[in-house]
Structures are given as structure tokens and as C-alpha cells.
Amino acid sequence: MKFQFSKKYGNNTLGGLLLHLVVAGTLMVVLCVLYFYVYLPRTTNHGETITVPNIEGMPLAKVAEFLEGHDLRFEINDSSYSEDYPPLTVLKQIPAAGSKVKEQRKIYVSVNRVTPPTVPMPKVTDISLVNAEALLKNSELKRGRIELVRGQFLNLVKEMKINGRPVAPGVKVPKGTVVDLVVQDGGTKTLPAPDVVGMSLEDAKIPIFGSNLTIGEIHLVGDTTGGRAVILKQKPVAQENIEAGDVVDLWIGNPGSEIESDDGFSNDDEDGN
């Protein structure tokens, strides 16, 4: 019996070759199962994750220590500029806060630059104040003080100034720079008040500032949440003759909100009397 088995499955027989292949295949399957389901999960902490904390707005000097406390690391992969944050603070992170990652995962961050990038000064002379403000905004510059000079064209920009000094178009200036504008007064001291009722506050700023007026008191009427708030009343009322530099008070609320008498606005005010 033993002789027959050895003869049938010997090393030099077809049966022996097949037997070796089966044994080798079985061992390979067992090793694969042990590697993927035993060894690999243990060495990679399979199933164990960390929630990425929010580090946006955090000073760069504190990031390393903070992330080490969460078993994470970081690397700077970009820099940009935002005037809303101090220099060398985190502006953006990848993965985002709340993501699930493994221990020692590297968090890539974008850092706020120490100095703002420069932009060429746009030409905003010989155009209307409204258009000049739009050009400044598109170049990430800020409109500053309005200086009125005598001239026949109302709200025509005649000169640009930075820190009281004239500046020419094309000159490189840092983003966020405040630009003062010298504007003609139209040859008259009075002008009709713009109609801003029904506009949002941001939209209303353009005709108000464009008329060389100033926003005064802002009265909130009722619940202004929900992002639908508009201007319900204004004082002075639309088309009332006013002078450049005058103050415009605004009543803001959701459409349909009623203004009570103690808000300081009466029906006589609405009629312009």
C-alpha cells in the first residue's frame, strides 16, 4: 500500500506534481489571509481614526503643538493673503475639520502671508464715483475719504490719493490699500436724496456713498434673520434736497415688517413733510 502511494505521488510523477501545487496554493491562501486580516490591520491601526480639528485662523506658532496633542502632523503647502486674518495664521486646511483620518496623518495648510501682494493701481479718474468704487473693489482696494472740489460734473472723480499724496494709474500698491478720491461737486451744494427703499444694505451703500452722503443710524425692525432684510424706510426720504456729506438714517427689516412710532419715523417723514 505504501509502495503504491509513493509510486503514484512520487516527485517525478504527475500525481506528485499536482499534490505539490495544491499544497503550495493552500499555503499561499493561508499566508494571504494572515497578512491582510491579521498582520496588516494590527500595523495600520485598522478601524482606528482621529477626527481632524479645526485649525483655520490659528497662529502658525501654535499649530505644531496643537496637532501633536491630536496625534497629527502638518505641512505648509501654500500661502495666500487675507486682510481678515493676522499674518502667519492658517487660512485653509486639507483634510477639512471633521474629517476622519489615521494617526500621524499630515494636515496640509495654507498660511496668510506677512505682507500683502501688490496690484497695479487702476485708473479711476474721469469716471463716475460709482464706477470708480467698483474698479477699486475689483482690484481689492478700499475707497477712503471723499474730497469735494468745485466742478460742473457731479460725482466725477478727478484725482486719486493715498495717505494724502496723489497716485498715478499703474503704480503697484498693496492689496487692501485705502484710496481717497477727489470728486467734483456738480457746481451746487444740494442734490436729491437717492431712493434706497427695498434694497439690501450692501446695495444701498453704492448710491448713498456715490452721492457723497454718509450712513447714519441703522434701526433694526423686527426679526432681521433669514438673509431677506431690506431697507424699509429712509430719512431723508427719496428726492428730498440735501447737501453733500449729509447723513442718511435707515430702517432695516424683512419685507412686510411694520415700523412702530417709537422707531423715530412718522408718516409725515415718509411724505417728506
Quiz prompt | Conditions (1) exposed (fewer than 14 other Cβ atoms within 10 Å of the Cβ); (2) out of contact with any strand residue (DSSP E or B) (no Cβ under 6 Å at 6 or more places or on another chain); (3) without any contact (Cβ under 8 Å) to a residue 40 or more places away in the chain: number failed by residue 117 | solution = (3)
Practice problem: Using the structure shown, decide if residue 108 is of a type outside the set (A, V, I, L, M, F, W, C) and surrounded by fewer than 17 Cβ atoms within 10 Å (Cβ to Cβ). | Solution: yes
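Considering each residue of region 87-103, count those that are loosely packed, with under 12 Cβ neighbours inside 10 Å and either of a type in the set (Gly, Ala, Ser) or closer than 15 Å to residue 115 by Cα (or both), and give that number.
2
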Quiz item: How many residues, within region 66-79, are exposed (fewer than 12 other Cβ atoms within 10 Å of the Cβ) and in contact (Cβ under 8 Å) with a residue 12 or more places away in the chain?
Solution: 2
Exercise. Could you identify the single residue in 225, 190 that is among the polar types (S, T, N, Q), surrounded by fewer than 13 Cβ atoms within 10 Å (Cβ to Cβ) and within 15 Å of residue 257 (Cβ to Cβ)?
Key: 225
Practice problem: Output the residue which, of all residues in region 51-82 that are part of a strand (DSSP E or B) and of a type in the set (Asp, Glu), is nearest to residue 113 (Cα to Cα). | Solution: 78
Exercise. Please note which strands (runs of 3 or more DSSP E) are completely contained in region 182-257 and include at least 1 residues that are modelled with pLDDT of 90 or more and touching a strand residue (DSSP E or B) at 6+ places or on another chain (Cβ under 8 Å).
Key: 214-221, 230-235, 247-253
Self-check item: Selection count, region 88-105, where residues are within 24 Å of the chain's Cα centre (by Cα) and within 23 Å of residue 61 (Cβ to Cβ)
Solution: 10
Exercise. Within region 193-215, track down each residue that is surrounded by 14 or more Cβ atoms within 10 Å (Cβ to Cβ) and small (Gly, Ala, Ser).
Key: 193, 200, 204, 210, 211
Exercise. For region 123-133, name all the residues that are surrounded by fewer than 17 Cβ atoms within 10 Å (Cβ to Cβ) and either among the hydroxyl-bearing types (Ser, Thr, Tyr) or touching a residue at least 24 places away in the same chain (Cβ under 8 Å) (or both).
Key: 123, 125, 126, 127, 128, 130
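The values are calculated or read from the model by the stated rules, or taken from the named source; none is laboratory data. Keep in mind it's a predicted model, so treat the numbers as computed, not measured. Positions of Cβ are backbone-derived with ideal geometry, glycine not excepted, and every protein chain shown enters the neighbour counts.
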